[in-house]
Amino acid sequence: MTDTRGPQPQYEGYATGPLPGEREPAPGQAGPYHPPQAYPSPQGGTQGGGRTYGGQQQGMGPAQTARKPRTGARTTPRTRKARLRVAKADPWSVMKVSFLLSIALGICTVVASAVLWMVMDAMGVFSTVGGTISEATGSNEGNGFDLQAFLSLPRVLVFTAVIAVIDVVLATALATLGAFIYNLSAGFVGGVELTLAEDE
């Protein structure tokens, strides 16, 4: 087979020079190769692994994210308050509560009267006052008014019990009537407003 292309020119640098893998590095390019960066990094680098885009640092390191304690800050917790309004009072519940409270008050009244009578009798109040009244109201025909017989313990207890029963009836009726009156007035003025605060 005959070569018809004729003589080919010879490149001296390529024919006589070393291969690309056998070339020695230039004197000023020692060390690893660093590709060119699209954006220059800011001076001092990034802290905490933050990224840099267009010369601005994105992200903050732990030294920058840690908050500094505020000096003189208030540490007292706030007291929560709630403002409520009593719009209606159930008359039936008011009657039951007032009935029980009036019964308890009546029992306390009877017990207190008995204890007071025993203390006064032990101190000799009835005998002294009774003798003075007997002398003042007595005459030659008969003795005067006997205070000790009139203020005996059974009579005092009966009188106190009657007063307690009357108090139970009146207190229950008045409390129920007051609930009806409150409901009527709350329909016009809105009722009683209460402010409740949380107990610390």
Exercise. With a point put 7 Å past each Cα toward its Cβ, work out how far residue 145 is from residue 129 in nm, to one decimal.
Key: 1.1 nm
Quiz item: Dividing the convex hull volume of the alpha carbon atoms of the stretch 101-189 by its residue count, what do you get in Å³ per residue?
Solution: 143 Å³
Exercise. For the stretch 148-200, just run the numbers: alpha carbon Rg, then divide by 2.2 N^0.38 Å, N being how many residues it has.
Key: 2.07
Quiz prompt | Stretchable slack from residue 159 to residue 188, in nm (0.36 nm times residue separation minus alpha-carbon distance) | solution = 6.1 nm
Quiz item: Taking H as built 1.01 Å from N, whose amide H comes closer than 5 Å to the amide H of residue 192, not counting residues under 5 places away?
Solution: 86
Self-check item: Phi to ³J(HN,Hα) by Karplus 6.51 cos²θ - 1.76 cosθ + 1.60 over the stretch 87-98, Hz, x for Gly, Pro
Solution: 7, 8, 10, 6, x, 5, 5, 5, 5, 5, 5, 5
Quiz item: Using 14 Å as the cut-off for backbone N distance, which residues of the stretch 149-167 belong to the label zone defined by a point 7 Å from the Cα of residue 110 along Cα→Cβ?
Solution: 154-167
Self-check item: Rounded FRET efficiency, nearest 0.05, which uses the C-beta distance separating residue 177 from residue 84 and R0 of 25 Å
Solution: 0.50
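No lab work stands behind these numbers, since they all come straight from the coordinates. Predicted model, so just to flag it, every value in this text is computed and none were measured. With ideal geometry, Cβ positions are generated from the backbone for all residues, glycine too; neighbour counts draw on all protein chains shown.
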